[in-house]
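The values are calculated or read from the model by the stated rules, or taken from the named source; none is laboratory data. Remember, predicted model here, so these are calculated numbers, not experimental data. Cβ: placed from backbone, ideal geometry, glycine included. Neighbour counts: every protein chain shown.
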Amino acid sequence: MRTELLRFNGARERDPAIDAWMKGHADELGAIAHQWFEVMRKCGDEVRELLHDGCPVACLGDAPFGYVDVFASHVNVGFFHGAALPDPARLLQGAGKFMRHVKLKPGTATDAAALAKLIDRAYSHIKARVENG
């Protein structure tokens, strides 16, 4: 059984609210969030963004595929359909029906290639869902 896609109104090519959010998180954790949100931004020409629930969200049009969020001691790089993504490096955490995240901490090694691949897979997944219904 297929579920309806989550859709967000107001996604735009470049949201000034996200740039302000990034400036407000100018510390080490913010740099990590910014690095990975830039990877999401570069997934394709159709990527749009908005601030939702206080964090930057990357969408394909109006369908979200990823987000970043800063906490007291870590950054989450999250995926709206993470439960459906192949994750051979076993980076994803969470037990929700759909969402998963990768927790990043300063000074802790991250498999950057595997995380970049997850972001690409999340984008490809939402693109296939949007294009194929």
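Which fully enclosed strands (runs of 3 or more DSSP E) of the range 36-133 have 1 or more residues being touching a Ser or Thr at 6+ places or on another chain (Cβ under 6 Å)?
100-104
Give the residue, chosen from ILE32, ILE18, that is crowded, with 19+ Cβ neighbours inside 10 Å and more than 22 Å from THR108 (Cα to Cα).
Every option except ILE18 fails the conditions.
If you go through the range 94-113 one residue at a time, how many are of a type outside the set (A, V, I, L, M, F, W, C) and within 19 Å of ALA58 (Cβ to Cβ)?
Matching residues across the range 94-113 total 6.
For the range 116-133, give me each residue that is among the hydrophobic types (A, V, I, L, M, F, W, C) and either in contact with a Phe, Trp or Tyr (Cβ under 9 Å, 6 or more places away or on another chain) or in contact (Cβ under 8 Å) with a residue 24 or more places away in the chain (or both).
Scanning the range 116-133 gives ALA116, LEU118, ILE119, ALA122, ILE126, VAL130.
How about the range 103-133: which of its residues are hydrophobic (A, V, I, L, M, F, W, C) and closer than 25 Å to LEU5 by Cα?
Answer for the range 103-133, where residues must be hydrophobic (A, V, I, L, M, F, W, C) and closer than 25 Å to LEU5 by Cα: LEU115, ALA116, LEU118, ILE119, ALA122, ILE126, ALA128, VAL130.
What are the residues in the range 35-63 that are crowded, with 24+ Cβ neighbours inside 10 Å and in contact with a Leu (Cβ under 6 Å, 6 or more places away or on another chain), if any?
VAL57
Could you please tell me which pairs satisfy a Cβ distance under 7 Å, a separation of 6+ or placement on different chains, a first residue in the range 1-30 that is part of a loop (DSSP other than H, G, I, E, B), and a second residue that is basic (Lys, Arg)?
LEU5/ARG129; ALA11/ARG48; GLU13/ARG48
Go through ALA113, ALA109, ALA95 for me and flag whichever is free of Cβ contacts under 8 Å to residues at least 24 places away in the same chain, under 25 Å from ASP27 (Cα atoms) and over 16 Å from the mean Cα position of the chain (by Cα).
ALA109
Does ARG100 qualify as being at pLDDT 95 or above and farther than 24 Å from LEU5 by Cβ?
Judged against the criteria, ARG100 is not a match.
Pick from the range 98-109 the residues that are more than 15 Å from PHE65 (Cα to Cα) and among the charged types (D, E, K, R): which of them is surrounded by the most Cβ atoms within 10 Å (Cβ to Cβ)?
Looking at residues that are more than 15 Å from PHE65 (Cα to Cα) and among the charged types (D, E, K, R), I get LYS103.
Got a sec? Which of GLU38, GLU13 is under 20 Å from ALA122 (Cα atoms), more than 14 Å from the chain's Cα centre (by Cα) and not small (Gly, Ala, Ser)?
Only one candidate qualifies: GLU13.
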